[in-house]
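Working notes, structure below.
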Amino acid sequence: MKNLVQINQVQYDSGLFESHKTGTHIDPMFSIKGGIPKATNYMIVGDPGVGKSTVCLSIISNAKKNNSKVLFISAEMSRVDMFLYVERYPIFGDLDILFTGEHVDDNPKKLIEDILKEGYDLVLIDSFVELQDDIKEACHISTGQAEKWLLNLMYQHNLAKNDTSKYTTFLAIQQVNKGGSFVGSNKLKHMTTGMMEIRFEDPDNVEAGRFIVFSKNRRGHVGKKLYFDLSGTGDVHYDWDRLQKAEKMEQIRKEEMEKMKSEDIKFDELFGLDKKPFEQPQEVEGDLVLYTEAELMDISTHDLVKMCLSMNIPIPAEGKNTHRKIRTLLVGLPKLIADSNSAMQ
């Protein structure tokens, strides 16, 4: 059918599967191969004041140092705001920046289209919702129409439809509602390759620590916390040792859990606890019948122990659920009707 696709029949540019490197510890967070994949879209959310803009500016600045062509579209900051950033983080000073607030009387759609037409590897948008609102107000269109235009533009550049055939990746800082949920349409969620969250360890104590974690990532790991520090100058400092120690501890925990599971299985096999109990009496040869769960329920633990001893059955160690464990051993075993009570005399 016309709308169906077979991946084996699709031709790909080999360069599409290369990644943009920052040369920092953020690279293995974005993808398993390391680096920011081409033709992808990442949404960045987080606590107010945690450092979303700073971390993202650091990412694209370091990518530029590694020969990626980058652009910063700022719908929230001014040149003065950025100057103060650059004083603390000089690496931000060489970025190409579009301050949309300086072009409120222009057509922002045409301005952004013309700039992106040149072709960029990485584009940072701060923030998606503010840029969407700028477009909405300047072009007198609805929120839905503004979002649709912006998403379609991103998609076209994901496909390298620009003058230099670059498979553009977008990093977009996005807002969340009061409940912490992602703000955006289903189409925006569908187009999102990964969701990077930047959080305080304790929102009530900003000195407790900050970390980056991916809650969604089609190209890399999720759930790993990379702590970082903004107290210094020059650039963001990542605590890679802490992440590795946490991973090592998690591996030890998993190994211990597997060991405990294996020991539980061996215990159950030793005492027959892995056998499925019979719920109803079953006739066997002649004058033999089987012990049933209901029958054994009425026998005390002391008498059950004596029954095990009479049949040379190992008795489980005393502890919780001893009665249940012995019942499980005896259910389904044959007994002589004439001697059914002899073991308890």
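Read-outs throughout are calculated quantities, based only on the coordinates presented, and are distinct from any laboratory measurement. Everything quoted here is computed from the prediction, not taken from an experiment. Note that we place each Cβ from the backbone using ideal geometry, even for glycine, and neighbour counts take in every protein chain shown.
Things worth noting here:
- Choice from 128, 72, 83 with maximal GNM fluctuation in the chain (Cα, 10 Å cutoff): 83
- Karplus (6.51, -1.76, 1.60) ³J(HN,Hα), θ = phi - 60°, over the range 56-61, in Hz, Gly and Pro reported as x: 5, 5, 5, 4, 6, 5
- Equivalent ellipsoid semi-axes - Cα gyration tensor, the range 9-251, angstrom: 27, 21, 18
- Backbone geometry of the range 39-44 corresponds, through the Karplus equation with coefficients 6.51, -1.76 and 1.60 at θ = phi - 60°, to 3J(HN,Hα) couplings of 6, 10, 9, 10, 9, 10 Hz, x marking Gly and Pro.
- Taking packing as the residue-averaged number of other Cβ atoms within 10 angstrom, the listed peptides 149-161, 232-244, 42-54 run from highest to lowest as 42-54, 149-161, 232-244.
- Ranking of 210, 253 by count of other Cβ atoms within 10 Å, fewest first: 253, 210
- Using θ = phi - 60° in the Karplus curve 6.51 cos²θ - 1.76 cosθ + 1.60, the 3J(HN,Hα) couplings for the range 218-233 round to 6, 10, x, 7, 10, x, 8, 9, 10, 7, 9, 10, 10, 6, x, 10 Hz; x is entered for Gly and Pro.
- Distant-in-sequence amide contacts of residue 214, defined by a placed amide H-H separation under 5 Å and a gap of 5 or more residues or a different chain, comprise 197, 223, 224.
- Residue exposure sequence - 30, 228 - by fewest surrounding Cβ within 10 Å: 228, 30
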